[in-house]
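Throughout, read-outs are computed from the coordinates displayed, never taken from laboratory work. The model shown is predicted, which means the values in this text are computed figures rather than measured ones. Note that each Cβ is placed from the backbone with ideal geometry, even for glycine, and that neighbours are counted across all protein chains shown.
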Amino acid sequence: MNKLLFAGFARLKKDLAFWVCFLGMLGMGVFLPVGQYFDSIKYNTVPMPDNLIFNYVPFVCLAAALFISLYLGVDYSDGTVRNKVMVGRTRKEIYMANWVVCVLGTLLLCLAFAVPATALSLLLLGACKAPAIAFVTTAALSVLTAVAISSVYTLVGTLCQNKAVISAACLLIVFALYIFAMMINGALSQPPTLEGMVTLTENGMEVDQGTPNPAYLTGAKRAVYEFLDDFLPVNQGIQCANMQIAHPLRFSLCDVGITLVSILAGLWLFGRKDLK
């Protein structure tokens, strides 16, 4: 296992896809605080550094899909997986070594954004106003989200033997998650009532109190949408980016569940896979 990890990290240091994603996350970590600083000067607005530092979580869902799919796809295209089995490495060791490398690679992508974004935010935008416990909680949950999404990509990347198929599958997953995130957030953001109209009468201005909004979710349907908001990684990323995590316990349990199910399913399916 140690030799597999050493070889995996050695290959990660030379992996072009990883470094492209790393530089992309680094660039975003620099661009967003600098852009907000100049916007605050141009429009004379108050900077909001609190809603900036954890913006890496939604971005890393896409960056990890690109990096992991290409990283694992090379193993099959070069015949590396079959060679590892032939020299006596167990499939469990191969899978877990891939998982560790992919998870740590994803966390490095998070740091590539978080470090410059935090430093520049403090320098240009001032100190954050949220309590320290909110930062600690959000940071811990963002790590769990990164681990969960990279576990899913590792499962997909290890079970497919075609690099193009792996890349397409991971990108389809992340784009589907972004679409679901927009749908769920749009539904949950609906107000309970529609805005009333202001009319001018003989008695002056009168404001209609508004009518119930038929698009507002209630009951079991709202509970399902709120659960999906805590379950799907991109939705989790949006919550982290806004530092508005309503159910941290359920949020964390969902991530732990996704990670464990992905690992167990990967070990079981990869152990029975026909390596061509």
GNM top mover of Asn185, Asn44, Asn242 - the chain, alpha-carbon springs below 10 Å
Asn44
Please count, across the chain, the pairs of lysine residues with Cα atoms under 29 Å apart that sit 8 or more places apart or on different chains.
27
Overall Cα dimensions of the chain - principal axes, largest extent first, Å
91, 45, 33
Among Thr137, Thr118, Thr145, which one shows the highest mean-square fluctuation when the chain is modelled as a Gaussian network with alpha-carbon springs under 10 Å?
Thr137
Only Cα pairs within less than 10 Å get springs; with that Gaussian network setup on the chain, which residue of Gln190, Gln239, Gln161 has the largest fluctuation?
Gln190
Return the calculated 222 nm mean residue ellipticity for the chain, to the nearest 500 deg cm²/dmol, obtained by summing -39500 (n - 2.57) across DSSP H runs with n ≥ 4 and dividing by the residue count.
-25000 deg cm²/dmol
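Hey, what did the chain get for relative contact order, percent, Cα under 8 Å, at least 6 apart?
Details: 362 pairs, mean separation 77.0, N = 276.
Value for the chain: 28 percent.
Would you kindly work out the equivalent ellipsoid of the stretch 1-133 from its C-alpha gyration tensor and give its semi-axes, the square roots of five times the eigenvalues, largest first in whole Å? Let's see the in-between values first.
On the way: eigenvalues 307, 38, 19 Å².
For the stretch 1-133, the semi-axes come out at 39, 14, 10 Å.
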What do you get for trypsin sites (Lys or Arg not before Pro) in the stretch 48-143 restricted to DSSP loop and a cutoff of at most 12 other Cβ within 10 Å of the site's Cβ?
Lys129
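Take each complete run of DSSP H in the chain, measure how far its Cα atoms stretch along the helix's own axis, and keep only those covering 27 Å or more with mean Kyte-Doolittle hydropathy at least -0.5; list them.
On the way: long enough: 16-43 (39 Å, 1.19); 56-77 (30 Å, 1.58); 91-120 (44 Å, 1.39); 132-159 (41 Å, 1.83); 163-188 (37 Å, 2.09); 248-271 (34 Å, 1.50).
Helices passing the filter in the chain: 16-43, 56-77, 91-120, 132-159, 163-188, 248-271.
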